[in-house]
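Only the coordinates and a few stated rules stand behind these numbers; no lab work does. Owing to the predicted nature of the structure, the values given are computational and were not obtained by experimental measurement. Counting neighbours? That spans all protein chains shown, and the Cβs are built from the backbone with ideal geometry, glycine included.
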Amino acid sequence: MNQAQSLRVRQRILSGLQASLDRILRPLVGRIVTDHLVAALGAATRPLVGSARSGLAVSATQQYRAFLDGSGSLIAKPVLTRFTPPAWSGSVGKVLTVGDPVAVDHIEKLGRKAGWWAQDAERGTLIHYANNDKRIYAWARIDPVPPACPFCTILISRRAVYHTESAAVLGQTGEFHPGCTCTAVLVSQDNLTSFEGYQQTQDALAEYRLARKHASNHDLAGIVAAMQSLRDTSGGKTP
Ligand SMILES: [Zn+2]
């Protein structure tokens, strides 16, 4: 399973999720939000997100199996525990405001949150394998649907992230915003400079270095801002 194949699976599952969410949510546009509606929507949409998560977790394991290429056995898949009913109700409750009417904008926001949760299962599964199977040297963040936003570009520029990296670096590289299309790629010692997406990490590094030179503030937010203004002045094109 290469990146293009796993991208197709991801897009098919995510667009199926959006379509089924739409079927539930579109008829509610204009309806005044109540606590009862929030709870009912949470309960009605949770299984849809859950099934997208299952599909994407399976895809992650297929990517892991392809990485091993038939050599040796697979380690146990992770038990994913983050997607609890309260976690999803929390996402729904953040988007909808009791007393306000449901708007198209709310549906889009909820769709992005659902997509985030769905992809969380794939990313979480891949990162679990990377962190626990010593045959995997590292994992790299790439965006198979470029251009990546400045925030993601900076994290992509970190290239392969190793087991031994600090928890802060690992944690931040594994941060994905709603609407983010980034994924994790498993990297072996042999393909450290030839894994699918390697060139993107090199390009991201070049853009990061340029932005860092222009940034007045060298924290993440400062470099994000510098990269955005460089992109704006170059007509939105990434160098
Ligand atoms: Zn991203």
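Relative to the first principal axis of the alpha-carbon coordinates of the chain, what is the inclination of helix 35-68, with its axis defined by its Cα atoms, in degrees from 0 to 90 and to the nearest 10?
The two axes meet at around 20 degrees.
I need the shape label for the chain. Rule: rounded when a/c is under 1.5, else prolate if a/b > b/c, else oblate, with a, b, c from the alpha carbon gyration tensor.
Oblate, since a/c reaches 1.5 and b/c is not below a/b.
Rounded to the nearest 0.05, what FRET efficiency do Val98 and Ser51 give with R0 = 22 Å and r taken as the Cβ-Cβ distance? Could you check?
The value I calculate is 0.20.
Can you list the aspartates and glutamates whose alpha carbon sits under 19 Å from that of Lys213, skipping same-chain ones fewer than 8 residues off?
Asp203, Asp232
FRET efficiency for Ala206 and Ser15, Cβ-Cβ distance as r, R0 = 25 Å, nearest 0.05?
0.15
Under a point spin-label approximation (7 Å from Cα along Cα-to-Cβ), what is the His177-Asp219 distance to one decimal in nm?
Modelled inter-label distance: 1.6 nm.
List the aspartates and glutamates whose Cα lies under 18 Å from the Cα of Lys134, skipping any in the same chain that are fewer than 8 positions away.
Output for Lys134: Asp69, Glu165, Asp190.
Where in the chain is the longest stretch that carries no trypsin sites (Lys or Arg not before Pro) classed as loop by DSSP and with at most 12 other Cβ atoms within 10 Å?
135-236
Quick query: amide H of Ala138 versus all other amide H atoms, modeled in the peptide plane; which residues come in under 5 Å with a sequence gap of 5 or more or a different chain?
Here Val187 satisfy the definition.
Compute the helix-to-body angle for 3-25: its Cα long axis versus the longest principal axis of the chain, expressed 0 to 90° and rounded to tens.
Computed tilt is about 10 degrees.
Identify which of Gln172, Gln62, Gln202 has the largest mean-square fluctuation in a Gaussian network model of the chain, with springs joining Cα atoms closer than 10 Å.
Of Gln172, Gln62, Gln202, the Gaussian network model singles out Gln172 as fluctuating most.
Specify the angular offset, from 0 to 90 degrees and rounded to the nearest 10, of the alpha carbon long axis of helix 85-95 from the longest principal axis of the alpha carbons in the chain.
80 degrees
Only Cα pairs within less than 10 Å get springs; with that Gaussian network setup on the chain, which residue of Leu74, Leu155, Leu56 has the largest fluctuation?
Leu74
Under a cut-off of 14 Å between alpha-carbon atoms, report the aspartates and glutamates in cross-link reach of Lys77, not counting same-chain residues fewer than 8 places apart.
List returned: Glu122, Asp133.
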